[in-house]
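Undergrad: Sending over a structure as C-alpha cells; questions will come in a sec.
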C-alpha cells in the first residue's frame, strides 16, 4: 500500500516527516497545519460559512481572523473593545463634530433600548432653561436646518406607533377656528405635492372606506364649484397616456352599479363629448391612430413582393408602404403611403407605385363611371386627377416615380420587368 499524509482527512501521497508536500510546506514555514482547499473549491472551509473563497481555504473574514489571531473562528470581545475605545477617547471628544455615520451607528446601537424613569428625569432636568422648552419660537434658520436634517428620513412602524400613543388624547374633539383654517390654507398655497408623496398618500388610504357623513360633507363642499379652463387643461395633460388598471375599472363598475343617470346629466355628457371630439387636437390624434392601425394592418401584396424580389436580385434593398411627405396645391404639408421606396447610392429617391383594381385603369373604366371610394360616390376622372396631382407634387419634392399597372404586370411580365430594371439603373 502507498503511504499517505498523516494529517487528519488528507489523502495526498507521503512526502516527508509524515506529511504530504503541501502540509510539509506549512510545517517548514511555521504555519498552523490546516486542511487543504480542494481543487475547484469555491466556498470557505469553515463549517456553516457560505462565503466565497479568498485565500488559504478561507473567505475574506475568516482569513483576516486567521492572520490576526491564528484562529479563523476567534472573535474579539465587544465589551473589552468598547471599554478600550471609551478609555482612549476620554477627554478628547470635546468640540468635535460627530459625523452622520457615527450618529447612525449610535442610533442603531441604542435601538430598542428602554430608558429608565431616572434617566428620563435627568434628561428633562438637563433641558430646563433651554430656549426650545420655554415657548420661545425657533429662528427660521434653525427650522430650516431641522427640516433639512429630517428630509428623506423614513419613520419605522414602531416609531409611528409610539408617536400615535403619545399623541392620543391631544386635540381630541377640538375644532379648529376659521382663522386657523385660513392660516393653514394660506400657508399651503402654492405648495407643490410631489408624485412620491401622492403615491404614499394613495397607498395609505387604499382600501379605506369613507363613512356616509364624510361622503356627504365632501359632496356639499364641492357643490357649485366650477373648474377653470386652466385646471381642466392641466388635468387632461396629467391624465394623457395613463391607463386604468383592472382593479380600478372593476371598482368603478361596482360603484356605478344600480345608479340611474338623469336625462339632464346625459345631455350634459353628450354635449361635453361633442365639444371634445370637435377639438383640432382630438381630430389630429384620431388621424394618427387611424394611420398607425392601417399601417399595422397593411402588408405588401404578392405583386409588390415580386417587384421587391426583382430589385433585390440587382442588389437594391427596398422599403414597402412608406409615408412620403409632400406639399399639396394649397401649400400644406401632407403625406401619401407609397408602395415601394428606396434610395440609390448617389442619394436619388425612387418610388414604384403599383396600381391595382381600386385605381380604376382607364383602359377598363370610363371617365363618367361612379365608384364608392372611402365611403363616398366618386367619378373615375376625379380619382385619376387627384392621383396625378399627388404624384406630380411628390415629383416636385425630389422623387422619381414609376407607375406599374396590374394589367400590364400580369399579362406582360417580361416587358414590365425590363421597365422596372431600366428605371432602377437610370
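The values are calculated or read from the model by the stated rules, or taken from the named source; none is laboratory data. A quick note: this is a predicted structure, and the numbers were derived from the prediction, not measured. In this analysis, Cβ positions are derived from the backbone assuming ideal geometry, glycine residues included, and neighbour counts consider all displayed protein chains.
Undergrad: Just wondering, is there one or more residues in the range 67-76 that are closer than 30 Å to residue 105 by Cβ and touching a helix residue (DSSP H, G or I) at 6+ places or on another chain (Cβ under 6 Å)?
TA: Within the range 67-76 (the criterion being closer than 30 Å to residue 105 by Cβ and touching a helix residue (DSSP H, G or I) at 6+ places or on another chain (Cβ under 6 Å)), the answer is yes, since at least one residue qualifies.
Undergrad: Now, a different point. Would you confirm whether or not the range 107-124 contains a residue that is out of contact with any strand residue (DSSP E or B) (no Cβ under 8 Å at 6 or more places or on another chain), in a loop (DSSP other than H, G, I, E, B) and modelled with pLDDT of 85 or more?
TA: Within the range 107-124 (the criterion being out of contact with any strand residue (DSSP E or B) (no Cβ under 8 Å at 6 or more places or on another chain), in a loop (DSSP other than H, G, I, E, B) and modelled with pLDDT of 85 or more), the answer is no, since none of the residues qualifies.
Undergrad: Right, something else. Of the residues 358, 354, 399, which is modelled with pLDDT under 85 and touching a strand residue (DSSP E or B) at 6+ places or on another chain (Cβ under 8 Å)?
TA: 358
Undergrad: Being surrounded by 10 or more Cβ atoms within 10 Å (Cβ to Cβ) and assigned to a loop (DSSP other than H, G, I, E, B): is that true of residue 316 here?
TA: Here the answer is yes, as residue 316 does meet what is asked.
Undergrad: Take the conditions farther than 30 Å from residue 335 by Cβ and outside the structural domain of residue 334 (by TED's automatic domain parsing) and apply them to residue 240. Does it pass?
TA: No, not satisfied.
Undergrad: Which members of the range 365-405 meet the condition of being touching a residue at least 12 places away in the same chain (Cβ under 8 Å) and in a helix (DSSP H, G or I)?
TA: If the condition is that a residue be touching a residue at least 12 places away in the same chain (Cβ under 8 Å) and in a helix (DSSP H, G or I), then 380, 381, 383, 384, 387, 389, 390, 391, 393, 394, 396 are the ones that fit.
Undergrad: Let me ask you something else. Since residue 176 meets every condition but one in (1) assigned to a loop (DSSP other than H, G, I, E, B); (2) under 30 Å from residue 234 (Cβ atoms); (3) at pLDDT 80 or above, which condition does it not meet?
TA: (3)
Undergrad: Test residue 366 against the stated conditions and say whether it is out of contact with any helix residue (DSSP H, G or I) (no Cβ under 6 Å at 6 or more places or on another chain) and surrounded by 12 or more Cβ atoms within 10 Å (Cβ to Cβ).
TA: No.
Undergrad: Given the residues 340, 390, which is the only one that is over 26 Å from residue 313 (Cβ atoms) and either surrounded by 16 or more Cβ atoms within 10 Å (Cβ to Cβ) or not assigned by TED's automatic domain parsing to the domain that holds residue 308 (or both)?
TA: When all the criteria are applied, what remains is 390.
Undergrad: Working carefully through the options 226, 220, 209, find the one that is in a helix (DSSP H, G or I) and without any contact (Cβ under 8 Å) to a residue 60 or more places away in the chain.
TA: Answer to the check: 220.
Undergrad: Next question. How many residues does the range 58-100 hold that are within 19 Å of residue 34 (Cβ to Cβ), over 46 Å from the mean Cα position of the chain (by Cα) and assigned to a helix (DSSP H, G or I)?
TA: Residues that pass the stated criteria total 4.
Undergrad: Tally up the residues in the range 343-363 that are assigned to a loop (DSSP other than H, G, I, E, B) and surrounded by 12 or more Cβ atoms within 10 Å (Cβ to Cβ), please.
TA: Of the residues in the range 343-363, 6 are assigned to a loop (DSSP other than H, G, I, E, B) and surrounded by 12 or more Cβ atoms within 10 Å (Cβ to Cβ).
Undergrad: Considering the range 294-308 alone, what residues qualify as being in a helix (DSSP H, G or I) and modelled with pLDDT under 70?
TA: Those that are in a helix (DSSP H, G or I) and modelled with pLDDT under 70: 294, 295, 296, 297.
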